[in-house]
Amino acid sequence: MRAMRILIANDDGYLAPGLAALVQAMQGLGEIDVFAPEQNASGTSNALTLSRPLNIFEARGEHVRGFRVVNGTPSDSVHVALTGVLGHRPDLVLSGINNGANMGDDTVYSGTVAAAMEGYLFGVPAIAFSQAEKGWAHLDAAAAAARAIVEQVLATAPLGGAPWLLNVNIPNRPDAASLPRVLTRLGRRHASEPVIRQVNPRGEPIYWIGPAGDAREAGAGTDFHAVANGRISITPLQVDLTDHAARPGWAARLGLPSE
Ligand code: MN
(Lines give C-alpha, C1' and ligand atoms only; values in the text may rest on other atoms or scores of the structure.)
Protein backbone atom coordinates (compact mmCIF):
# COMPACT_ATOMS: atom_id res chain seq x y z
CA MET A 1 0.00 0.00 0.00
CA ARG A 2 1.42 3.39 -0.93
CA ALA A 3 1.93 6.10 1.64
CA MET A 4 -0.89 8.52 2.28
CA ARG A 5 -0.40 11.82 0.46
CA ILE A 6 -1.21 15.00 2.30
CA LEU A 7 -1.39 18.46 0.75
CA ILE A 8 -1.02 21.30 3.24
CA ALA A 9 -1.88 24.96 2.61
CA ASN A 10 -2.73 28.06 4.61
CA ASP A 11 -3.81 31.65 4.19
CA ASP A 12 -1.35 33.46 6.45
CA GLY A 13 1.47 32.95 3.95
CA TYR A 14 4.26 30.42 3.67
CA LEU A 15 6.35 32.04 6.42
CA ALA A 16 3.57 31.84 9.02
CA PRO A 17 4.53 29.85 12.13
CA GLY A 18 1.19 28.04 12.04
CA LEU A 19 2.00 26.43 8.69
CA ALA A 20 5.40 25.15 9.75
CA ALA A 21 3.87 23.83 12.97
CA LEU A 22 1.14 21.96 11.09
CA VAL A 23 3.64 20.47 8.65
CA GLN A 24 5.90 19.41 11.49
CA ALA A 25 3.00 17.87 13.39
CA MET A 26 2.01 15.68 10.41
CA GLN A 27 5.48 14.18 9.92
CA GLY A 28 5.33 10.41 9.68
CA LEU A 29 1.70 10.24 8.55
CA GLY A 30 2.58 10.15 4.88
CA GLU A 31 4.08 12.13 2.01
CA ILE A 32 3.57 15.82 2.60
CA ASP A 33 3.48 18.58 0.00
CA VAL A 34 3.00 22.22 0.90
CA PHE A 35 1.52 24.86 -1.41
CA ALA A 36 1.03 28.22 0.26
CA PRO A 37 0.58 31.88 -0.64
CA GLU A 38 3.61 34.12 -0.77
CA GLN A 39 1.86 36.86 1.19
CA ASN A 40 -0.65 36.88 3.98
CA ALA A 41 -3.95 36.30 2.20
CA SER A 42 -6.30 36.18 5.16
CA GLY A 43 -9.86 37.17 4.31
CA THR A 44 -9.56 36.35 0.62
CA SER A 45 -12.20 33.62 0.82
CA ASN A 46 -12.34 31.43 -2.30
CA ALA A 47 -10.79 33.99 -4.65
CA LEU A 48 -8.93 32.71 -7.70
CA THR A 49 -6.46 34.92 -9.58
CA LEU A 50 -7.70 35.15 -13.16
CA SER A 51 -6.14 38.44 -14.31
CA ARG A 52 -2.49 37.39 -14.34
CA PRO A 53 -0.40 34.25 -14.36
CA LEU A 54 0.94 32.77 -11.14
CA ASN A 55 4.56 32.17 -10.20
CA ILE A 56 5.56 29.24 -8.05
CA PHE A 57 8.94 28.97 -6.38
CA GLU A 58 10.39 26.52 -3.92
CA ALA A 59 11.16 27.98 -0.53
CA ARG A 60 14.55 27.53 1.10
CA GLY A 61 15.53 28.04 4.67
CA GLU A 62 14.71 26.50 7.96
CA HIS A 63 11.10 25.44 8.61
CA VAL A 64 9.96 26.15 5.03
CA ARG A 65 12.36 24.08 2.92
CA GLY A 66 10.58 22.58 -0.04
CA PHE A 67 7.35 24.51 0.45
CA ARG A 68 5.92 25.55 -2.91
CA VAL A 69 5.16 29.27 -2.74
CA VAL A 70 2.42 30.71 -4.94
CA ASN A 71 2.05 34.45 -5.51
CA GLY A 72 -1.69 34.18 -5.27
CA THR A 73 -4.49 33.25 -2.93
CA PRO A 74 -5.03 30.20 -0.73
CA SER A 75 -7.47 28.81 -3.27
CA ASP A 76 -4.95 29.47 -6.07
CA SER A 77 -2.36 27.49 -4.13
CA VAL A 78 -4.51 24.40 -3.71
CA HIS A 79 -6.04 24.80 -7.16
CA VAL A 80 -2.73 24.79 -9.06
CA ALA A 81 -1.51 21.89 -6.94
CA LEU A 82 -4.57 19.80 -7.73
CA THR A 83 -4.87 20.69 -11.40
CA GLY A 84 -1.40 19.77 -12.56
CA VAL A 85 1.51 21.08 -10.55
CA LEU A 86 1.46 18.46 -7.82
CA GLY A 87 1.29 15.64 -10.34
CA HIS A 88 -0.87 13.38 -8.20
CA ARG A 89 -4.12 13.47 -6.31
CA PRO A 90 -3.63 13.84 -2.56
CA ASP A 91 -5.65 11.76 -0.13
CA LEU A 92 -6.15 14.61 2.29
CA VAL A 93 -5.91 18.41 2.24
CA LEU A 94 -5.07 20.29 5.44
CA SER A 95 -5.10 24.06 5.94
CA GLY A 96 -3.70 26.23 8.71
CA ILE A 97 -2.96 26.49 11.46
CA ASN A 98 -4.57 29.90 11.15
CA ASN A 99 -3.61 32.88 13.27
CA GLY A 100 -7.04 33.50 14.81
CA ALA A 101 -10.49 31.95 14.94
CA ASN A 102 -12.57 30.97 11.95
CA MET A 103 -15.95 30.51 13.56
CA GLY A 104 -19.49 31.37 12.55
CA ASP A 105 -19.61 33.85 9.67
CA ASP A 106 -15.79 33.99 9.56
CA THR A 107 -15.93 30.82 7.52
CA VAL A 108 -17.46 32.73 4.61
CA TYR A 109 -14.47 35.10 4.40
CA SER A 110 -11.74 32.77 5.58
CA GLY A 111 -8.88 31.87 3.27
CA THR A 112 -7.99 29.06 5.66
CA VAL A 113 -11.38 27.44 5.23
CA ALA A 114 -11.28 28.22 1.48
CA ALA A 115 -7.98 26.38 1.00
CA ALA A 116 -9.48 23.30 2.59
CA MET A 117 -12.71 23.84 0.65
CA GLU A 118 -10.78 23.88 -2.62
CA GLY A 119 -9.66 20.36 -1.85
CA TYR A 120 -13.20 19.38 -0.90
CA LEU A 121 -14.55 20.84 -4.15
CA PHE A 122 -12.11 18.61 -6.02
CA GLY A 123 -13.37 15.60 -4.11
CA VAL A 124 -10.58 15.36 -1.53
CA PRO A 125 -11.37 15.19 2.21
CA ALA A 126 -10.10 18.30 3.95
CA ILE A 127 -9.65 19.87 7.37
CA ALA A 128 -9.13 23.55 8.23
CA PHE A 129 -7.36 24.31 11.52
CA SER A 130 -7.41 27.63 13.38
CA GLN A 131 -6.19 28.83 16.75
CA ALA A 132 -8.96 30.71 18.50
CA GLU A 133 -6.84 33.77 19.32
CA LYS A 134 -4.22 35.56 17.28
CA GLY A 135 -0.60 35.64 18.38
CA TRP A 136 0.44 31.96 18.15
CA ALA A 137 0.29 31.40 21.91
CA HIS A 138 0.66 27.66 22.62
CA LEU A 139 1.05 26.87 18.92
CA ASP A 140 2.89 23.63 19.71
CA ALA A 141 -0.10 22.42 21.70
CA ALA A 142 -2.45 23.37 18.86
CA ALA A 143 -0.29 21.44 16.41
CA ALA A 144 -0.34 18.40 18.69
CA ALA A 145 -4.12 18.72 18.85
CA ALA A 146 -4.27 18.88 15.05
CA ARG A 147 -2.20 15.70 14.81
CA ALA A 148 -4.46 13.90 17.26
CA ILE A 149 -7.56 15.00 15.37
CA VAL A 150 -6.16 13.89 12.01
CA GLU A 151 -5.29 10.50 13.49
CA GLN A 152 -8.74 10.14 15.03
CA VAL A 153 -10.47 11.14 11.81
CA LEU A 154 -8.34 8.85 9.66
CA ALA A 155 -9.09 5.96 11.97
CA THR A 156 -12.82 6.40 11.56
CA ALA A 157 -13.64 8.32 8.37
CA PRO A 158 -12.67 6.60 5.14
CA LEU A 159 -10.55 8.38 2.58
CA GLY A 160 -11.35 7.86 -1.05
CA GLY A 161 -15.12 7.85 -0.67
CA ALA A 162 -17.36 10.91 -0.66
CA PRO A 163 -15.31 13.93 0.38
CA TRP A 164 -15.91 15.73 3.66
CA LEU A 165 -14.85 19.08 5.06
CA LEU A 166 -14.15 19.79 8.73
CA ASN A 167 -13.54 23.18 10.34
CA VAL A 168 -11.53 22.97 13.56
CA ASN A 169 -10.97 25.76 16.08
CA ILE A 170 -8.52 25.19 18.92
CA PRO A 171 -8.34 27.24 22.14
CA ASN A 172 -4.92 28.81 22.80
CA ARG A 173 -4.02 26.76 25.82
CA PRO A 174 -0.96 24.77 26.86
CA ASP A 175 -3.19 21.73 27.33
CA ALA A 176 -4.86 22.12 23.92
CA ALA A 177 -3.93 18.59 22.85
CA SER A 178 -5.84 17.05 25.76
CA LEU A 179 -8.92 19.30 25.65
CA PRO A 180 -12.28 17.67 24.96
CA ARG A 181 -13.42 17.80 21.34
CA VAL A 182 -17.02 18.53 20.49
CA LEU A 183 -18.95 18.45 17.26
CA THR A 184 -20.54 21.85 16.69
CA ARG A 185 -22.51 23.97 14.27
CA LEU A 186 -21.46 27.42 13.12
CA GLY A 187 -22.63 30.27 15.31
CA ARG A 188 -23.37 33.70 13.91
CA ARG A 189 -21.66 37.05 14.30
CA HIS A 190 -23.11 40.51 14.47
CA ALA A 191 -22.46 42.56 11.37
CA SER A 192 -18.92 43.87 11.08
CA GLU A 193 -17.88 47.03 12.90
CA PRO A 194 -18.13 50.24 10.80
CA VAL A 195 -15.55 51.07 8.17
CA ILE A 196 -12.73 53.25 9.53
CA ARG A 197 -11.98 56.44 7.58
CA GLN A 198 -8.52 57.98 7.67
CA VAL A 199 -6.60 60.47 5.54
CA ASN A 200 -3.48 59.38 3.70
CA PRO A 201 -0.27 61.52 3.45
CA ARG A 202 -1.56 63.04 0.22
CA GLY A 203 -4.73 64.26 1.87
CA GLU A 204 -6.96 61.66 0.31
CA PRO A 205 -9.52 59.66 2.29
CA ILE A 206 -8.74 55.98 2.83
CA TYR A 207 -10.88 53.34 4.43
CA TRP A 208 -10.07 50.32 6.57
CA ILE A 209 -12.53 47.44 6.69
CA GLY A 210 -13.66 47.31 10.30
CA PRO A 211 -13.11 44.36 12.60
CA ALA A 212 -15.47 41.40 12.60
CA GLY A 213 -18.54 41.70 14.80
CA ASP A 214 -18.87 39.95 18.12
CA ALA A 215 -20.60 36.62 18.37
CA ARG A 216 -24.38 37.03 18.16
CA GLU A 217 -25.52 33.44 18.19
CA ALA A 218 -23.07 31.69 20.48
CA GLY A 219 -25.30 29.35 22.45
CA ALA A 220 -24.76 25.72 23.32
CA GLY A 221 -23.90 23.68 20.27
CA THR A 222 -22.08 26.45 18.43
CA ASP A 223 -18.38 26.71 17.67
CA PHE A 224 -18.19 29.95 19.69
CA HIS A 225 -19.66 28.23 22.74
CA ALA A 226 -17.32 25.28 22.54
CA VAL A 227 -14.16 27.35 22.30
CA ALA A 228 -15.32 29.77 25.00
CA ASN A 229 -15.73 26.76 27.28
CA GLY A 230 -12.30 25.32 26.68
CA ARG A 231 -13.16 22.72 24.08
CA ILE A 232 -11.91 22.07 20.59
CA SER A 233 -14.68 22.79 18.10
CA ILE A 234 -15.11 20.54 15.07
CA THR A 235 -17.77 21.63 12.57
CA PRO A 236 -18.57 19.65 9.44
CA LEU A 237 -19.14 22.05 6.55
CA GLN A 238 -20.90 21.75 3.21
CA VAL A 239 -20.89 24.03 0.20
CA ASP A 240 -24.51 23.91 -1.05
CA LEU A 241 -25.77 27.52 -0.80
CA THR A 242 -29.30 26.59 -1.83
CA ASP A 243 -31.88 27.70 0.72
CA HIS A 244 -33.83 24.47 0.53
CA ALA A 245 -36.35 25.48 3.18
CA ALA A 246 -37.20 28.66 1.26
CA ARG A 247 -37.79 27.03 -2.10
CA PRO A 248 -41.52 26.26 -1.62
CA GLY A 249 -42.19 29.79 -0.35
CA TRP A 250 -40.44 31.41 -3.29
CA ALA A 251 -42.15 29.07 -5.73
CA ALA A 252 -45.55 30.09 -4.35
CA ARG A 253 -44.67 33.81 -4.16
CA LEU A 254 -43.39 33.95 -7.72
CA GLY A 255 -45.95 31.50 -9.09
CA LEU A 256 -43.16 29.30 -10.43
CA PRO A 257 -42.95 25.53 -10.65
CA SER A 258 -40.45 24.15 -8.19
CA GLU A 259 -38.11 21.85 -10.08
MN1 MN B 1 -5.28 33.88 8.24
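The values are calculated or read from the model by the stated rules, or taken from the named source; none is laboratory data. Bear in mind the structure is a predicted one, so any value in this text is a computation, not a measurement. Don't worry about glycine lacking a Cβ; one is built from the backbone with ideal geometry, like all the others, and counts go over all protein chains shown. Ligands, DNA and RNA are stripped out before the accessible areas are found, and what is left, the full protein with its side chains, is counted by its heavy atoms. Shrake-Rupley method; radii C 1.70, N 1.55, O 1.52, S 1.80 Å.
I'd like to know if the stretch 72-79 contains one or more residues that are in a loop (DSSP other than H, G, I, E, B) and either within 11 Å of the ligand (Cβ to nearest atom) or in contact with a helix residue (DSSP H, G or I) (Cβ under 7 Å, 6 or more places away or on another chain) (or both). Can you show your working first?
So the first thing to find is which residues in the stretch 72-79 are in a loop (DSSP other than H, G, I, E, B), and the list is 72-73.
Retained after the next criterion (residues that are either within 11 Å of the ligand (Cβ to nearest atom) or in contact with a helix residue (DSSP H, G or I) (Cβ under 7 Å, 6 or more places away or on another chain) (or both)): 73.
Looking through the stretch 72-79, at least one residue is in a loop (DSSP other than H, G, I, E, B) and either within 11 Å of the ligand (Cβ to nearest atom) or in contact with a helix residue (DSSP H, G or I) (Cβ under 7 Å, 6 or more places away or on another chain) (or both).
Taking Arg197, is it modelled with pLDDT under 95, assigned to a strand (DSSP E or B) and either open to solvent by less than 60 Å² (accessible area, probe 1.4 Å) or farther than 17 Å from Ala128 by Cβ (or both)?
On the way: modelled with pLDDT under 95: no; assigned to a strand (DSSP E or B): yes; either open to solvent by less than 60 Å² (accessible area, probe 1.4 Å) or farther than 17 Å from Ala128 by Cβ (or both): yes.
Against the criterion (modelled with pLDDT under 95, assigned to a strand (DSSP E or B) and either open to solvent by less than 60 Å² (accessible area, probe 1.4 Å) or farther than 17 Å from Ala128 by Cβ (or both)), Arg197 does not qualify.
So which residues in the stretch 41-58 are in contact with a helix residue (DSSP H, G or I) (Cβ under 9 Å, 6 or more places away or on another chain) and more than 16 Å from the ligand (Cβ to nearest atom)?
Looking only at the stretch 41-58, we keep the residues that are in contact with a helix residue (DSSP H, G or I) (Cβ under 9 Å, 6 or more places away or on another chain), and these are 41-49, 54, 56.
Listed by number, the residues that qualify are Leu48, Thr49, Leu54, Ile56.
Under 8 Å between Cβ atoms, at least 6 apart or on separate chains: pull out the pairs that start in the stretch 126-154 with a residue that is modelled with pLDDT of 95 or more and end on any residue that is assigned to a helix (DSSP H, G or I) and open to solvent by 50 Å² or more (accessible area, probe 1.4 Å).
Going by the 8 Å Cβ cut-off, the qualifying pairs are Trp136/Pro17; Leu139/Pro17; Ala143/Gln24.
Pick from the stretch 1-14 the residues that are away from the ligand (no atom under 12 Å from the Cβ) and under 16 Å from Ala143 (Cβ atoms): which of them is surrounded by the fewest Cβ atoms within 10 Å (Cβ to Cβ)? Show your work before the answer.
Looking only at the stretch 1-14, we keep the residues that are away from the ligand (no atom under 12 Å from the Cβ), and these are 1-8, 14.
Applying the additional criterion that residues be under 16 Å from Ala143 (Cβ atoms) yields 6, 8.
Values: Ile6: 20, Ile8: 26.
By that ranking, first place goes to Ile6.
The conditions are (1) out of contact with any Leu (no Cβ under 9 Å at 6 or more places or on another chain); (2) within 16 Å of the ligand (Cβ to nearest atom); (3) charged (D, E, K, R), and Arg65 fails exactly one of them. Which is it?
Only one criterion is unmet by Arg65, namely (2).
When the residues of the stretch 1-14 are filtered to those that are of a type in the set (D, E, K, R) and in a loop (DSSP other than H, G, I, E, B), which remaining residue is nearest to the chain's Cα centre (by Cα)?
Looking only at the stretch 1-14, we keep the residues that are of a type in the set (D, E, K, R), and these are 2, 5, 11-12.
Now narrow it down to the ones that are in a loop (DSSP other than H, G, I, E, B): 2, 11-12.
Numbers: Arg2: 27, Asp11: 8, Asp12: 10 Å.
Looking at residues that are of a type in the set (D, E, K, R) and in a loop (DSSP other than H, G, I, E, B), I get Asp11.
Listed here are the residues, each with its yes/no results for (1) more than 12 Å from the ligand (Cβ to nearest atom); (2) assigned to a loop (DSSP other than H, G, I, E, B).
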| site | (1), (2) |
| --- | --- |
| Pro90 | yes, yes |
| Ser95 | no, no |
| Ala101 | no, yes |
| Gly104 | yes, yes |
| Val113 | no, no |
| Glu118 | yes, no |
| Phe129 | no, no |
| Lys134 | no, yes |
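Quick check on Pro158: is it over 14 Å from Leu237 (Cβ atoms), open to solvent by less than 10 Å² (accessible area, probe 1.4 Å), more than 16 Å from the ligand (Cβ to nearest atom) and not in a helix (DSSP H, G or I)? Before you say what the answer is, go through the steps one by one.
Details: over 14 Å from Leu237 (Cβ atoms): yes; open to solvent by less than 10 Å² (accessible area, probe 1.4 Å): no; more than 16 Å from the ligand (Cβ to nearest atom): yes; not in a helix (DSSP H, G or I): yes.
In short, no.
May I ask you to verify whether Ser45 is on the phi < 0 side of the Ramachandran plot and not in a strand (DSSP E or B)?
Taking the combined requirement at face value, the residue does not satisfy it.
Look through the stretch 15-40, keep the residues that are within 16 Å of the ligand (Cβ to nearest atom) and assigned to a loop (DSSP other than H, G, I, E, B), and return whichever of them is surrounded by the most Cβ atoms within 10 Å (Cβ to Cβ).
Selected residue: Ala16.
In the stretch 210-250, what residues are closer than 21 Å to Ala145 by Cβ, polar (S, T, N, Q) and touching a residue at least 60 places away in the same chain (Cβ under 8 Å)? Give the derivation first.
Narrowing the stretch 210-250 to residues closer than 21 Å to Ala145 by Cβ: 221-237.
Still in the list and also polar (S, T, N, Q): 222, 229, 233, 235.
Of everything in the stretch 210-250, those that are closer than 21 Å to Ala145 by Cβ, polar (S, T, N, Q) and touching a residue at least 60 places away in the same chain (Cβ under 8 Å) turn out to be Thr222, Ser233, Thr235.
Of (1) under 21 Å from Ser130 (Cβ atoms); (2) more than 16 Å from the ligand (Cβ to nearest atom); (3) surrounded by fewer than 20 Cβ atoms within 10 Å (Cβ to Cβ), Val108 satisfies all except one. Which?
It is condition (2) that Val108 fails.
In the stretch 1-20, what residues are among the basic types (Lys, Arg) and in contact with a His (Cβ under 7 Å, 6 or more places away or on another chain)? Talk me through it step by step, then tell me what you get.
Step one: of the stretch 1-20, the residues among the basic types (Lys, Arg) are 2, 5.
Arg5, the sole residue that qualifies.
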